[in-house]
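One structure is given here, and the rest of the page talks about it.
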Amino acid sequence: MQNVERQLEARQSRRMHAEDRFLNRIEKREAAAEAMIGELNSGKLYVSPVGGKYREGTRADLIAFLLRSNYA
């Protein structure tokens, strides 16, 4: 019985560590995308990634675009 409990605890621990690693990667990518966003004189936000398309939009839209297109 103890053997089964240890296996279940080990599996749960692995899941939690994998989830933590995933969240850390997402946070790093979002921070990198945030750094790529600029602001025009008119107050609009834009992004112009190297080798990519110039795009204007809201901060959330631009971050999603950069993540989806693997620029960040």
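Observations on the structure shown:
- Rough spin-label spacing in nm, given labels placed 7 Å along Cα→Cβ, for LEU45 and ARG11: 4.1
- Of the residues ARG29, ARG59, ARG15, the one that moves most in a GNM of the chain with alpha-carbon contacts below 10 Å is ARG15.
- Helix 59-68 vs. the chain, principal-axis angle (Cα, 0 to 90°, nearest 10): 60
- Per-residue ellipticity at 222 nm from helix content only, as computed over the chain with -39500 (n - 2.57) for each DSSP H run of at least four residues, stands at -22000 deg cm²/dmol.
- Principal-axis analysis of the Cα atoms of the chain puts helix 2-36 at an angle of about 10° to the longest axis.
- At a probe radius of 1.4 angstrom, the accessible area of the chain per residue rounds to 81 square angstrom.
- Net charge, PHE65 excluded, C-beta distance under 10 Å - Lys, Arg +1, Asp, Glu -1: +2
The values are calculated or read from the model by the stated rules, or taken from the named source; none is laboratory data. For clarity, every value in this text was computed on a predicted model and none was experimentally measured. Counting neighbours? That spans all protein chains shown, and the Cβs are built from the backbone with ideal geometry, glycine included. Side chains are part of the model used for accessible areas, which takes the heavy atoms of the whole protein and leaves out ligands, DNA and RNA. Shrake-Rupley method; radii C 1.70, N 1.55, O 1.52, S 1.80 Å.
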